[in-house]
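Here's the structure, in structure tokens; my notes come after.
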Amino acid sequence: MESNAVYPKSLARLAAFAASLAISCGAFPGALAQQPDSLDLQQELRRLGAAATELEHELPSFTCQESALSQELRGGKVLHGVQFVATLRAQHGADGKLDESISITSVNGQPFTNGHFHLPVFVRGGFDQMMRFFDPDQQACYRYSLMPGRVNFASIPGADPLTCKDTGTTGFALLDPAGNATRIERHMDPAMARTHHAADYAADDFAPIELNGHAYRLAHHLYAELPVGNGVGAFTADYTDCKLFTATVTLHAGPEPDAPHDSLPH
């Protein structure tokens, strides 16, 4: 995901720096990087690839409550910290990508209605971007290895930067007994992270969330770090009460000017 974050006007000054969790990476021409003789690895990549495809193409728009803590750390000490609670909406944009927006309801335990405040760091993109490391169209950008309960991945050095944009990225997915990802962590080369406005380190914990009668594996906990000034920005978020996003319209019937009352719909 490109990290040019777009925020509502009320959030225009909230973050000193906004970062996305992952960088989109297209297919790299050539042979697949994973070991061709590893049937178990191939099966697991197909499973994870199917989950990534589902999130990209089938995940409906939804809303959750986000409870977050944004901190600036230096020398092990908290220089500045802000807690907030918000309603997060994830909706598909015209380009088909999932676009996240938030409406803050409280800051440091106090109701928030309007105004501005400073967040040391703000991170978004955790619901679908971390699974993109296993997108079938992007798997050729990585080398994979399988361990009991874990799949490691690393971007291929020298890959075409036009199609594989996360050079210098390493990480792993932890798996449950059924082969579903329960946690994904990734590190990105600091210079590359700055180029793409991405967090240097990010970790997502996943759980099945039912939307429209189908269980999707979505992030329920996020932790990310990136440099802020001479220190480190740390962002922690928990997502709860996720449900389908629906817009409601209230119609008020009444006589229109110069219209007979009985001509109005009932």
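Data table
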quantity	calculated
Sites HIS214 and GLN91, calculated FRET efficiency, Cβ-Cβ separation with R0 22 Å, nearest 0.05	0.80
Segment SER67-ILE156, extension gain: residue separation times 0.36 nm, minus the distance between their alpha carbons	28.5 nm
Förster-model FRET efficiency, 35 Å R0, ASP99 and THR240, C-beta, rounded to 0.05	0.95
Gain in span if fully extended, LYS77 to ASN230, counting 0.36 nm per residue against the direct Cα distance	53.8 nm
Residues MET130, MET147, sorted so that the one with the fewest Cβ neighbours within 10 Å comes first	MET147, MET130
Two-site FRET efficiency, GLU58 against LEU174, from Cβ-Cβ distance with R₀ of 25 Å, rounded to 0.05	0.60
Candidate aspartates and glutamates for bridging to LYS97, where Cα separation is under 13 Å - those fewer than 8 sequence places away on the same chain excluded	GLU2, GLU54, GLU56, GLU58, ASP128
Calculated log₁₀ intensity ratio I(q)/I(0) where the Debye formula runs over C-alpha points of region 9-245, q = 0.10, 0.14, 0.16 Å⁻¹	-0.48, -0.92, -1.18
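Just so you know, all these numbers are worked out from the coordinates, no wet-lab data involved. Keep in mind that this is a model prediction, so the values were computed, not measured. Ideal geometry is used to build each Cβ from the backbone, glycine not excepted, and the neighbour counts take in all protein chains shown.
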